[in-house]
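Okay, structure first, notes after.
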Amino acid sequence: MTTTTTAEGFADVVARCRAEGRAALVGYLPVGFPSVEGSLEAMRVLVEAGCDVVEVGAPYSDPVIDGPVNQDAMAAALAAGTRVDDVFTAVEAVREAGAVPLVMTYWNLVLHRGVERFAADLAAAGGAGLITPDLIPDEAEDWLAASDRHGLDRVFLVAPSSTPERLVKVTTACRGFVYAASTMGVTGARTSVDADARGLVERVRGVTDLPVCIGLGVSTRAQAAEIAGYADGVIVGSALVRTLGGDGELSQRLEALRTLTAELAQGVREGHR
Amino acid sequence: MTEPTATDTDTDTDTDTGLTVEELPRPGRFGRFGGRYVPEPLVPALEQLDEARQKAAVDPEFQAELARLHATYTGRPSIITEVPRFAAHCGGARVVLKREDLNHTGSHKINNVLAQALITKRMGKTRIIAETGAGQHGVATATAAALMGLECTVYMGKVDTERQALNVARMKILGAEVVAVEHGSATLKDAINEALRDWVTNVRTTHYAIGTVTGPHPFPEMVRDFHAVIGEEARAQVLELTGRLPDAVVACVGGGSNAMGIFHRFVPDEGVRLIGVEAGGEGVESGRHAARFAADATPGVLHGAMSYLMQDDDGQTVESHSISAGLDYPSVGPEHSFLRDTGRAEYRYATDEQVMEAFALLCRTEGIIPALESAHALVGAMQVGRELGPDGLVLVNLSGRGDKDMHTAAAWFGLAPEGTQ
Ligand SMILES: Cc1ncc(COP(=O)(O)O)c(C=O)c1O
C-alpha cells in the first residue's frame, strides 16, 4: 500500500488517547451550516474545546440515515449554495486547527465526482478518510482501491442487527476504526444509548483489533462517560448541530457549542476503563 | 437475449472475506445498474427478504395462496379491451388495453403488494410500511394490511396528499396511518426517504413494501416478478384475440413497475418493441419534468440502486415535476436503465398537456377514465400507432383508473370552479 498522507490519522489519535487512559471525542457538523464560513468557525470551536476528530459532513439532498436535526441543517446548507468543494475547504480548516478530519458523505456525492478524484482531493486537503453511511463493502470496490492508493481510512458501519458474518465482512473492509451504530435508527439525540451498544462493541472486539467508536444518539457528558468505559471513541453529532442551530446570535451559539463540547470532552475522560 | 440479472447463488457461496475486487459479490445487477447501496443496518433484512422470496418462488403452497388471492380478491386475470374509437386517433392501428385499472383497489399495484404482504407474514413481521406517490400503492398496501391483519403506515409527500386526497381518505378508512412528508420536494422521493428512515429504525418488526422496481436488491427483481403476471396474461390474450404478437407494448414509467410487469414476458420476443413513456411535465426544456432518459440524467445512486438519475453538478438530486404524482420521481428502476442502454426497450416522454388530451380522449371515445399515469402510455400509443399505420397492433398497459385524479382533471379542464361541488 502506498501512503501519500503523512499527517496524523485515526490510529494515532486512538494511540494517544489510550496512553492518556481515555476515549477519543469525535464531533460531527455538516459543512455550510449555518453558512460555509460559520461551519468552519464551528469546527474550529470543536477542536479548541476538545474534539480529537472532526467528522466533516457533506450536505446531501436525500440523507436517509439522518434524523430531522441533521436533515434540516443539510437542507439549509444546500439552500445557501454549499458545494462539495466546500467540504475540502472544511477539511483543510480542521487539519489546520489541529484535529483529524474525516469526511462523512453519502455515496452519490463521491460517485458523481469520481471515486478517484474525490479520494485525491480529500488526501490533498489533509483528510484522513471517509465515513460512508450508505455504502457497504460489497459495493465498494472502487473505494477500496482508491483509499489504498491514497492512504485513506475507510470507515463502514456496523449495527445491532449485523450478523456475525456481516461483522467479519465489514470490519475486514474497515481501516481506521469501526463505526458502531448504538441503536437501530437514524441520527438524533436519545435519552439512552447503552442497551444495544455495549453488546455490539463486545461482538466487534471478537472479530477485529480495530478501534470501535459508538455513534448515534449521544448528547450528554454522562452518556459520553458511560460509552468511554467500553468504546475507543464517542461520536456526537445531532446534539452539536442542534446547539449550533439554536436561538440567538451566531457568536452566542458558538459559545454554547464550546461549552457542550468541553462537557463531552470531560465525559470521555471519565470513563472507567 | 442473455439473462440480464445476476443470480444470487454467487452471493450465497461467497464466504470469502478477502477484499480483492473480483471476489466481492455483486448481487442484483442489471449490467452496471442496480446493486445494494444501503446503510448496513438494513443488510440483514434485505438478505432475509431475498431468501424468503426465493423460497416462495419455488414453494407450491405460496404460489397457490397467491393465485387464490389473485383469482378471488384481485380479480385476475384482468381482461383486455380493444378500443377502436380511440384507435381512430392512433393512425388506424389496432389498440388493445390491458385493464389493470379493473383490479381491486384500481391499479396494478395490488399484484406486488399481496405477494409482499404474504412474504411479510412468512418472515414473522407484524408491520408493513410503504411510500406512495399517486396513493395507489399506499391504498393497495393498506388493503393488504387490512386483509392480513398487519399494522400499516404509509408515507406520502405533502404535495401528493393534496393532489391525491381521495386516496388519503381511502388509506385512513382502511386503517392505515398516513404520514405527510414535508421535507424536500414533498413528493415521492421524499416519501421514500422517510419510509427508509422508519425501516432502519423498526426493521426487526417491519417490512418495507417498496411499490416499484427500484430500491436495493432484491426489490427491483422481486417487484418485477410479482408484476410479470401482467405480461404473461396479456401475451396470451392478445395472441388469442388477434392471432399474433403486438408490434409494440407501451407502458408509462415512474419507477417502472407496471412497465416491467408487462415487458418482462415479451423481452425474448425480439420482434416486439418495448416502449416506456416517461413524464415530460411542462416540457424537457423547462427543466420541470421527470423524463430521465430524455434529458441529461446520468447514472447515479438514489434509494439504494444505481440507475439513471436527475442530479446536479455535485450529485445532489434534482427535483422532478409531473402532473401525475405516480411518475414524479427523479430516478427510475435499474432494469429500465439496462434495457435502455442495451437498446432492448425505447423510451419517450409525454408532456402534461399531451397527457390531459389523451386522458380526455379515452374518456370520451371509450368510456374509460384512466389514471393520469396511464394516460402517458396512451400518448405513446397514439404516437406509435401513427408510426405503424393501419397494420400496426399496439398493446397498452392501462395501469390504473382515474377516480383519484378527478380533482386535477376538473381543475385542468375548468369544470369545477373553486368552492363548488
Ligand atoms: C396507476 C399508476 N400507474 C403507474 C404508476 C407508476 O408506477 P410504476 O412506474 O412503478 O408503474 C403509478 C404509481 O403511483 C400508478 O398509480
Starting from the Cα of A:K169, draw a straight line to each of the aspartates and glutamates and keep only those under 13 Å, dropping any in the same chain fewer than 8 residues away.
-> A:D138, A:E139, B:D14, B:D16, B:E23, B:E40
With Cα atoms, 0 to 90° folded angle of helix B:109-122 axis to chain B main axis = 20 degrees
So for segment A:14-97, taking the charge dipole from beta-carbon charges (+1 Lys/Arg, -1 Asp/Glu), which of A:V47, A:L29, A:P68 sits furthest toward the positive end?
-> A:V47
Positive-end extreme of charge dipole, segment A:82-215 - chosen from A:V158, A:P101, A:G126 (charges on Cβ) | A:V158
Considering only DSSP states other than H, G, I, E and B, which chymotrypsin sites (Phe, Trp or Tyr not before Pro) in segment B:37-90 qualify as loop sites with at most 10 other Cβ atoms within 10 Å?
-> none
Choice from A:G185, A:G50, A:G151 showing the highest fluctuation, given a GNM over chain A with Cα pairs closer than 10 Å = A:G185
Are there GluC sites (Glu not before Pro) in segment A:212-265 that DSSP marks as loop and that have at most 13 other Cβ atoms within 10 Å, and which are they?
-> A:E249
Could you please state, rounded to a whole Å, how far the C-alpha centre of segment A:9-78 is from the C-alpha centre of segment B:170-195?
-> 31 Å
What nm value, rounded to one decimal, do you get for the distance between B:A71 and A:S35 when each label is placed 7 Å out toward the C-beta?
-> 7.0 nm
Among B:A115, B:A169, B:A130, which one shows the biggest mean-square fluctuation in a GNM of chain B, springs joining Cα atoms closer than 10 Å?
-> B:A169
Report ³J(HN,Hα) in whole Hz for each residue of segment B:85-94, in order, from the Karplus equation J = 6.51 cos²θ - 1.76 cosθ + 1.60 where θ = phi - 60°; Gly and Pro get x.
-> 5, 6, 5, 4, 9, 10, x, x, 5, 6
Okay, helix-only estimate at 222 nm for chain A: each DSSP H run of n ≥ 4 adds -39500 (n - 2.57), divide by all residues, round to 500 deg cm²/dmol; what do you get?
-> -15000 deg cm²/dmol
For chain B, find the longest principal axis of its Cα atoms and tell me its angle to the long axis of helix B:188-202, 0 to 90°, nearest 10.
-> 30 degrees
Honestly chain A on the Cα gyration tensor test (a ≥ b ≥ c root eigenvalues; a/c under 1.5 rounded, otherwise a/b vs b/c for prolate or oblate) is just rounded
Are there trypsin sites (Lys or Arg not before Pro) in segment B:181-223 that DSSP puts in a loop and that have at most 14 other Cβ atoms within 10 Å, and which ones?
-> B:R204
Which percent, nearest 5, of DSSP beta bridges in segment B:82-230 are antiparallel?
-> 5 percent
Of the beta bridges DSSP finds with both residues in the protein assembly as shown, what % are antiparallel, to the nearest 5?
-> 20 percent
For the peptides B:263-271, B:227-235, B:47-55, B:326-334, what is the packing order when you average, over each peptide's residues, the other Cβ atoms within 10 Å and list the highest mean first?
-> B:326-334, B:227-235, B:47-55, B:263-271
Can you run phi through the Karplus equation (6.51, -1.76, 1.60; θ = phi - 60°) for segment A:50-66 and list ³J(HN,Hα) in whole Hz, with x for Gly and Pro?
-> x, 6, 7, 10, 10, 8, 8, x, 8, x, 9, 5, 9, x, 6, 10, 10
Can you pull out the buried accessible area for chains A and B, both sides counted, probe 1.4 Å, rounded to the nearest 100 Å²?
-> 3800 Å²
Specify the inter-centroid distance of segment A:215-273 and segment A:155-196, based on alpha-carbon positions, in whole Å.
-> 19 Å
In a GNM of chain B with a 10 Å cut-off on Cα contacts, which of B:T212, B:T342, B:T141 has the highest mean-square fluctuation?
-> B:T342
So how strong a dipole does segment B:248-299 carry about its Cα centre when Lys and Arg Cβ are +1 and Asp and Glu Cβ are -1, to the nearest 20 debye?
-> 140 debye
Two-site label geometry, A:S192 and B:Q63: point separation in nm, points 7 Å out along Cα→Cβ = 4.8 nm
Considering only DSSP beta bridges where both residues belong to chain B, give the percentage that are antiparallel (nearest 5).
-> 35 percent
Mind checking the mean number of beta-carbon atoms from other chains within 10 Å of the Cβ atoms in A:155-161?
-> 4
Three-way shape label, segment B:269-421, alpha-carbon gyration tensor, a/c 1.5 | oblate
Using Cα atoms only, what is the angle between the long axis of helix B:60-69 and the major principal axis of chain B, expressed in degrees (0 to 90) to the nearest 10?
-> 30 degrees
Let me know the mean shielding of A:127-139 by other chains, meaning the per-residue number of their Cβ atoms within 10 Å of its Cβ.
-> 5
Just how large is the dipole of segment B:230-373 about the Cα centre, in debye to the nearest 20, putting +1 at every Lys and Arg Cβ and -1 at every Asp and Glu Cβ?
-> 460 debye
Counting only other chains, what is the mean number of Cβ atoms within 10 angstrom of the Cβ of each residue in peptide B:291-304?
-> 2
Based on the alpha-carbon gyration tensor of segment A:68-130 and its eigenvalue square roots a ≥ b ≥ c, which shape applies: rounded if a/c is under 1.5, prolate if not and a/b is larger than b/c, or oblate?
-> oblate
Using Cα positions and a limit of under 14 Å, work out the aspartates and glutamates in reach of B:K189, with same-chain residues fewer than 8 apart set aside.
-> A:D62, B:E131, B:D160, B:E319, B:D328
About its Cα centre, the protein assembly as shown carries a charge dipole, from +1 on Lys and Arg Cβ atoms and -1 on Asp and Glu Cβ atoms, whose size in debye to the nearest 20 is 1380 debye
Considering the dipole of segment B:283-421 built from charges on the beta carbon (Lys and Arg +1, Asp and Glu -1) around the Cα centre, which of B:G392, B:A305, B:L361 is farthest to its positive end?
-> B:G392
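The values are calculated or read from the model by the stated rules, or taken from the named source; none is laboratory data. Given the structure is predicted, the values throughout are model-derived calculations rather than measurements. For neighbour counting, all protein chains shown are included, and Cβ atoms are generated from backbone atoms with ideal geometry for every residue, glycine included. The protein model used for the area step is the full one, side chains on, heavy atoms only, and it has no ligands, DNA or RNA in it. Shrake-Rupley method; radii C 1.70, N 1.55, O 1.52, S 1.80 Å.
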